[in-house]
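Scroll down for the structure; my scribbles are underneath it.
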């Protein structure tokens, strides 16, 4: 029993190390901010995403076109920080979901442990949402009033400002 609980913290450390290493190797690839799921969905729908995260052949949002070099650098830095934080949280959520599957498949499942694990997963997802929306608020602070208008229109139209699926 002790060995089983010792492996979980070790697994978290390994996952975090792998994510950190992968991010250090790949870094932030330009302005490509979509997550893997979104890219897969876009490919399934026959869309080709460009480096700026938008669809090829479609017009880039006005706010994105008008960014200064300083704004681009700030945005890239903010996106890299978000990407690192989200990768770690996603790895934690995946680990918790694997634990949940293990709890459910036991001969005598402990419903309290299952519910506790679900609560842990929801806390991680809540933290992810908070980071995402804090990031959008932070992005707005580097934009001019004209750029914010374009950004906000993108958010309200479901384009998410930056790209599809509401990821600013």
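Laboratory data are not the source of any read-out in this text; all were calculated from the coordinates shown. In this text, all values refer to a predicted model and were calculated from it rather than measured experimentally. Here the Cβ positions follow ideal geometry from the backbone for every residue, glycine too, while neighbour counts run over all protein chains shown.
May I ask you to derive the FRET efficiency for residue 137 and residue 65 from their Cβ-Cβ distance with R0 = 30 Å, giving the value to the nearest 0.05? After rounding, the FRET efficiency stands at 0.85. Taking R0 as 45 Å, what FRET efficiency do you get between residue 76 and residue 115 from their Cβ-Cβ distance, rounded to the nearest 0.05? So, using R0 = 45 Å, E works out to roughly 0.65.
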